[in-house]
Amino acid sequence: MGHGPRSGTAATTGGAVTVGVLALQGDVREHVALLDRLGAVPRLVRTPADTDGIRGLVLPGGESTTMSLLLESSRLDAELARLVTEGMPMLGTCAGMILLASEVLDGRPDQIALGAIDISVRRNGFGRQVESFETDLDVKGFDDPMHAVFIRAPLVERVGEGVDVLSEVELPRAPGIEPPGGEGRWRSPVVCSRDNVIVAAFHPELSGDLRLHELLLRRIEGD
Amino acid sequence: MSVTERTTGTARVKRGLAEMLRGGVIMDVVNAEHAKIAEDAGAVAVMALERVPADIRRDGGVARMSDPALIEAIQAAVTVPVMAKARIGHFAEAQVLEALQVDYIDESEVLTPADEEHHIDKWAFRIPFVCGATNLGEALRRISEGAAMIRSKGEAGTGNVVEAVRHLRSVIGDIRKITTADSAERYAWAKRLQAPVELVEEVAATGHLPVPLFCAGGLATPADAALVMQLGAEAVFVGSGIFKSEDPARRARAIVEATAHFEDPSIVAKVSKGLGVPMAGQEISALEVKLADRGW
């Protein structure tokens, strides 16, 4: 079974952009496949040396607590913090969104939050697996709705100043429970962006929708 | 923005959680304290059960679904997904586990089978199922019944990885052969495997199972994890191997590192140092009960 390309491929091939995919755990293969289809050169990132020459980074879905521990032991935590400071374009889905957030609620106390985008997220905010769902979403800037797969997804509970909310999902109303959006808002942001960072609470890589990855490539090329 | 339908319990959502566990370690735990140790060590999920397989073997008797109170205590203790086991064919136990909102149900040969002919109709549930398989035919039959993840059926509770290796090599070896089979041969494969031809066609086209393939049974060391990952497993289950060893927390952490970095022997070497005594292993030929023979 494919584990995707080995790390250490050439930084560029015929002008194509090399994009890292954090490959410590999670649905790495699907992200690699999407980047391949878009003509980028995916690079698996498991150690700090693997980031050499990448111009963008995708943080996949998976278990954020596990990835957090593996980031620490591989010393990738400091390396990713450096890349965030440098303003490298990044895309995080689900667990990747949690890692890129500035605040993690219901996480482990020592969980890594890289602070690449100023949002607060609650892990498993939509509930357990039995509540995992698929739906169609309108996304700002996209002509057609996006089919979104939410798996034990994180819930964005706060969005900082300057963060663009590109899409929201309707939340099921439950009597006697305060809407998590506050002030009667039964919606929650599920795609957010700030500068070079794009995060989604769902998995475009599972439905094979290329558009958020395309957006990342456009940010890399400076559009 | 329009209000759109949301659908739950789809095949994509069920298989999706398995995709998220790839590259990770799922650990057997028997209480909340073990569950915390597992989560702290980096487990991607825990399997809640009353006794680890080594103890089930030792005690004998009928092994059943765990006490719901125990499962709830473990759900309360951790934030990672919690799985639990139902007996083969025991759909009422599975209904109870669904009511408890466990994240995955393992229809498991480690428990005493409740039905000698039928597995659970897994399409009838919103919760995803994982099932064991010793070969490709068994894997495809379980998938046709609705399993959203397949794992090997290595002899649980033995600390001996040999059976899991046999199953992985059998499943992956046959997949490799099917990808080069012509259309007439694919019908013959379906017949030989006793599996739906549609699934055989899908395997031939994609080169892998329609659902993730994990390894379970007999893993005890970081090198065991690296071995099965290199053979093509996409994640590993570790049962008795952790909490029957001298230093469970360290061993658990080491297996997590080895699973993530399975292609890097220097990291596997580093994390394998000074882990203390692993669980005592057993020769498969000396076993009184072979669990892999359960399931049809």
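Here the relative contact order of the range A:87-160, from alpha carbon pairs under 8 Å that lie six or more residues apart, stands at 29 percent. Counted by Cβ distance under 14 Å from B:Ala84, the other residues give a net charge of -4, where Lys and Arg count +1 and Asp and Glu count -1. With viscosity 0.890 mPa s and temperature 25 °C, the Kirkwood radius over alpha carbon pairs of the protein assembly as shown converts through Stokes-Einstein to a diffusion coefficient of 106 µm²/s.
For B:Ala86, the residues whose amide H sits under 5 Å from its own are B:Asp106, B:Glu107, B:Ser108, ignoring neighbours fewer than 5 places away on the same chain, with H placed 1.01 Å from N.
Give me B:His118, A:His203, B:His208 sorted ascending by neighbouring Cβ count inside 10 Å, so fewest comes first. Walk me through the numbers before you get to the answer.
Details: B:His118 13, A:His203 28, B:His208 19.
Least to most surrounded, the residues fall as B:His118, B:His208, A:His203.
Ranking of B:Ser240, A:Ser73, B:Ser183, B:Ser144 by neighbouring Cβ atoms within 10 Å, starting from the fewest: B:Ser183, B:Ser144, A:Ser73, B:Ser240.
Considering the zone a paramagnetic label at B:Ala11 would reach in this model (a point 7 Å from Cα along the Cα-to-Cβ line), which residues of the range B:107-148 have amide N under 18 Å from it? Zone members listed by number: B:120-131, B:137-148.
Sequentially through the range A:196-201, phi angles give Karplus couplings (6.51, -1.76, 1.60; θ = phi - 60°) of 8, 10, 10, 10, 9, 7 Hz, Gly and Pro residues having no value and appearing as x. Label separation (A:Trp186 vs A:Glu86): 4.7 nm, computed from points 7 Å beyond Cα along the C-beta direction. Approximating the spin labels as points 7 Å out from Cα along Cα→Cβ, the A:Asp143-to-B:Lys177 distance works out to 4.9 nm.
Can you compute the FRET efficiency between B:Gln95 and B:Val162 using 1/(1 + (r/R0)^6), with r the Cβ-Cβ distance and R0 = 45 Å? Round to the nearest 0.05.
About 0.80, to the nearest 0.05.
Select from the range B:1-99 those GluC sites (Glu not before Pro) which occupy a DSSP coil region and have at most 11 other Cβ atoms within 10 Å, ordered by residue number. Please report the intermediate quantities before stating the final value.
On the way: sites: B:Glu5, B:Glu19, B:Glu33, B:Glu39, B:Glu50, B:Glu72, B:Glu93, B:Glu98; in loops: B:Glu5, B:Glu50.
Here the sparse-neighbourhood loop sites are B:Glu5.
Lysine pairs in the protein assembly as shown whose alpha-carbon atoms fall under 17 angstrom of each other, counting only those eight or more residues apart or on distinct chains, come to 7. Sequence-distant contacts, meaning Cα pairs under 8 Å at least 6 residues apart, place the relative contact order of chain A at 17 percent.
Each label was represented as a point 7 Å from its Cα along the Cα-to-Cβ direction; for A:Asp195 and B:Lys36 these points are 3.9 nm apart.
Taking the Cα atoms of the range B:184-296, the ratio Rg/Rh between the radius of gyration and the Kirkwood radius comes to 1.09. Put in order of Cβ neighbour count within 10 Å, fewest first, the listed residues B:Thr180, B:Thr221 become B:Thr180, B:Thr221.
Taking a Cβ cut-off of under 11 Å around B:Val13, the surrounding Lys, Arg, Asp and Glu residues balance to a net charge of +3, with basic ones at +1 and acidic ones at -1.
Can you give me the relative contact order of chain B as a percent, contacts being Cα pairs under 8 Å and 6 or more apart? All intermediate terms of the calculation are to be shown ahead of the outcome.
Numbers: 643 pairs, mean separation 57.1, N = 296.
It rounds to 19 percent for chain B.
Every number in this text was worked out from the coordinates using simple rules, so none of it is lab data. Source: prediction; values computed, not measured. FYI the Cβ positions are ideal-geometry reconstructions off the backbone, even for glycines, and counts take in every protein chain you see.
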